[in-house]
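K.L.:
Supplied in structure tokens, the structure appears directly below.
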């Protein structure tokens, strides 16, 4: 994808070497009480609502699936709409730069028409604000001295907008403001064709559903990771999950060999589901990432993206309504106290970006095309972002997603 326009979706990266340490996204000890609150809240998102005091409504899985299907049919994804705008503005910026480089100018016809338009505006302005110079005054516009009738009023319309007492409306009147030649801003531009499978662009802020792409100099457990932001609050902090560290073996094997909160029923139902290392916080806790729908116990992270609801999804697997290979179990997660993530981004630790569903669900059964780097999501997203990000991917790619975790 082409590079974004500065000022629209800019991502300012400040390089401070002391920031790029292996513990960049770990929480300082003085913030542990707040971290416990954040992680407990993250853990509760996986549990179903219980009791009469619960504020969330129980949602039938069939209804959740229908809503998700209708959302897809209506193309109701504001992130895709924003991506199209970014792509359009990028193309326009490149075209403008190309014209400047080639010293191109408007053709003579456009210059003539624009000159006519400027004269039209000049006439309108002069009719509203008449000149004090008699020689420059428009003699076609009646003055106060010419019309001393007591019943005369500006609301008669005789001297409004360049009109006179003899002015009539023509049968056919072409609005000059709708002419592409006179106002190039209204010219029909070529429609943007966005590859819904493969798009990515930087964003200057943090939002649920965005991803953090690790800076190429970041080491430790977050080296070349892609983190999906699940929650972000200025006053409560942020939580996220690493989505590009698939572990060897499926859920049944991984959850059986390590302490986990996954019961035997879930292990058997999702025995073919992939597992990823999600982060250093609460690694015995597993969450589930999917696109099935907003079932009971799940949280909608972005249009078409959900975290949680494993119990309801297990029932759908048993009913053959959900393919377990279309779910990604996440072992642990990452957490930031209020202000910490913003500081890390300002120091260049992360590149914040909005990316396609298929990038996020790469290890949850999303389709992979021949243009994708199927074994290196970090490099693939940076390449798709274009510009200097693509150069970073070209220089530092190589190890891929499947690697031994520290």
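K.L.:
Sorted by mean Cβ packing within 10 Å, highest first, what order do the peptides 256-265, 331-340 take?
P.N.:
331-340, 256-265
K.L.:
Also: Given q = 0.13 Å⁻¹, what are the Debye log10 I(q)/I(0) values for segment 279-359, with equal point scatterers placed on the Cα positions and solvent ignored?
P.N.:
Values, matching the q order: -0.53.
K.L.:
Rg over Rh of segment 221-366, using C-alpha atoms and the Kirkwood radius, what does it come to?
P.N.:
Taking Rg over the Kirkwood Rh, I get 0.97.
Only the coordinates and a few stated rules stand behind these numbers; no lab work does. Because the structure is a prediction, the values reported are computed rather than measured. Note that we place each Cβ from the backbone using ideal geometry, even for glycine, and neighbour counts take in every protein chain shown.
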